[in-house]
1. Among B:CYS248, B:CYS349, B:CYS126, what is the fewest-to-most ranking by other Cβ atoms within 10 Å?
2. When the chain is fully extended, how far beyond the present Cα-Cα distance does B:ASP106 get from B:GLN354, taking 0.36 nm per residue of separation?
3. Would you mind getting me the FRET efficiency between A:GLU13 and B:ASP306? Use the beta-carbon distance for r and R0 = 45 Å, nearest 0.05.
4. For chain B, what number results from the quotient of the Cα radius of gyration and 2.2 N^0.38 Å?
5. In whole Å, what is the distance between the alpha-carbon centres of the range B:41-61 and the range B:267-333?
6. Would you mind computing, in nm to one decimal, how far apart the modelled labels at B:GLU88 and B:GLU220 are, each placed 7 Å from Cα along Cα→Cβ?
7. Excluding B:SER265 itself, calculate the net charge of residues whose Cβ lies under 10 Å from the Cβ of B:SER265, where each Lys or Arg counts +1 and each Asp or Glu counts -1.
8. Do any of A:LYS36/B:LYS238; B:LYS182/B:LYS357; B:LYS26/B:LYS407; B:LYS9/B:LYS95; A:LYS80/B:LYS372 go past 30 Å between their Cα atoms, and which?
Amino acid sequence: MAGKNPIYLWVNEERYEQLEKAGLAHHTEERLAGLKVLIVYADDDQAKTFVQKFGAKHDTSTTGSIELLPKDVKHRLFEKVVEKQSIDVVGDVLASYS
Amino acid sequence: MAEIGHGGKEIQERIMQPAEAKEKIKGLTQIPVRKQIANEIINLAYGWFCPLEGFMGKDDVDGVVKNMRLADGTIWPIPILFDLSQDEVEKFGVKPGQSVVLEYQDNPMALFEVTEVFEYDKAAICQAVLGTTEDKHPGCARTYSYKDKFVAGKITLLKEPKINEPFGPYFLPPLKMRAVIKEKGWNRTVAHQTRNVPHTGHEWLMKGAFFQTYGDLPIEKPEVGVVVNAIIGEKRVKDYIDEAIILCQDELEKSGYFGPHNHLSSLTFWDMRYAGPKEAVFHAILRANLGITHHMYGRDHAGVGDYYGAYEAHHLLDTVGEELDITPVYSMNWLYCPVCAEITSEGLCNHKDQQQKFSGTLIRSIVTDGVKPPRLIIRPEVFDQIMACAEKYGEGSPFVTEEYLEKRTPVFNIEPL
């Protein structure tokens, strides 16, 4: 997988419980005053697709993060993480839009 | 008592009585205008642009481009232009000495007493005002999109615009704003320029500026007010919707993080030029005309991309400060420090490797997920207001979408005479 471009999925208590059940809570990190975040990664091609298809912004100059994704896409990413019990979900979610 | 605005000129509203308006426009040609021009007509008529009384002539534009001054020597950084194509000039019979009616939303809006029709080098405007001629700069793109003829002349509103909800209470033109400030008994006021919903970094920018502005004033009674002045103008997809911006700013006061004794939310109609330092001076003039005594400036004020240095606006303001009736208040960034366990200033906290900086992009990402952040990041009442605005005004999104642009209620309407 060329390139590792983070997508931040923010985690509240309800989402944290879902991640615990899926055995993935340990993947979360604390950011901004203790707010938890789960990071999933897109490769460079997937990042391009997010930009072209969903109008996302790819911060190529600093962190490489993919921002301003539509709410629906971000929700699908989180739902797929829980369903698949894996953080390797970007390909599945993109496929669900094709 | 006369209210004196920028350039030492008295602020006088240029608005006709309905009966007079009907009589004045009889038989005059009507020219439709776009939203930017409608915004600027309002600014000219109410005094936001004092000492200007109308769209600029060539001498003023020349002065602005070459010296950042009007022809009479008054500091002015951005041309205020009315553009038409040559075909339109001919079609509408626009010429000096004749008046026309400017029409918006199919209704007569303003009387335009034409004094001059001229051309000006748009690239020269861009270079002087924006510091670049690159068309990828949004201010250049706007300037290049102007038609080739510029028309100068005085503007008089034919009727006050109808400000639609929820914006009505926040429309405080210069004379009204000055009256409100007097009523509140504020000795000093500090303007907070914004196009954002506030996170606590913004809240503390305002609180820090409040203390800076307070300075040596007595503290027995409230003497200083923070005046949030939201810029309401052209929207782009993924901006915050206007309703969320103004209502969330006000929510900070309604929920007690400020109070009516030290905080006031208001708006100005203006399409940002992203002119960085020049726009900083322009914002100073707008807010001085509102009667505000101090103005907050952070890093890269009104900048875009990497066109301007972080403190270039401060440096320009320092060179013209004595000619502006407003005192700049320079603000450092605020951030969250997990060691201090509070919002703190980059100028205070020394836990450099642990500081968590606010980023607009990160906050948008959190808001998009609908995940309520800790109250130290976004106040819960503000977050709830964002979500409420998304439902009520944004077709489910707090960010501008194509659907919002298509379906939104205009901020103001021009109604029939």
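Every number in this text was worked out from the coordinates using simple rules, so none of it is lab data. What you are looking at is a predicted structure, and each value in this text was computed from that prediction instead of being measured. With ideal geometry, Cβ positions are generated from the backbone for all residues, glycine too; neighbour counts draw on all protein chains shown.
1. Values: B:CYS248 29, B:CYS349 18, B:CYS126 24.
With the fewest neighbours first, B:CYS248, B:CYS349, B:CYS126 line up as B:CYS349, B:CYS126, B:CYS248.
2. Numbers: separation 248, 0.36 × 248 = 89.28 nm, distance 5.69 nm.
So the chain would gain 83.6 nm between B:ASP106 and B:GLN354.
3. Working: r = 40 Å, r/R0 = 0.88.
Computed FRET efficiency for A:GLU13 and B:ASP306 comes out at 0.70.
4. Numbers: Rg = 21.6 Å, N = 417, 2.2 N^0.38 = 21.8 Å.
Dividing the Cα radius of gyration by 2.2 N^0.38 Å gives 0.99.
5. Spelled out, the Cα-based centre of one part sits 19 Å from the other.
6. It is 5.8 nm.
7. -2
8. Working: A:LYS36/B:LYS238 24 Å; B:LYS182/B:LYS357 37 Å; B:LYS26/B:LYS407 34 Å; B:LYS9/B:LYS95 28 Å; A:LYS80/B:LYS372 21 Å.
Violating the 30 Å limit, Cα to Cα: B:LYS182/B:LYS357; B:LYS26/B:LYS407.
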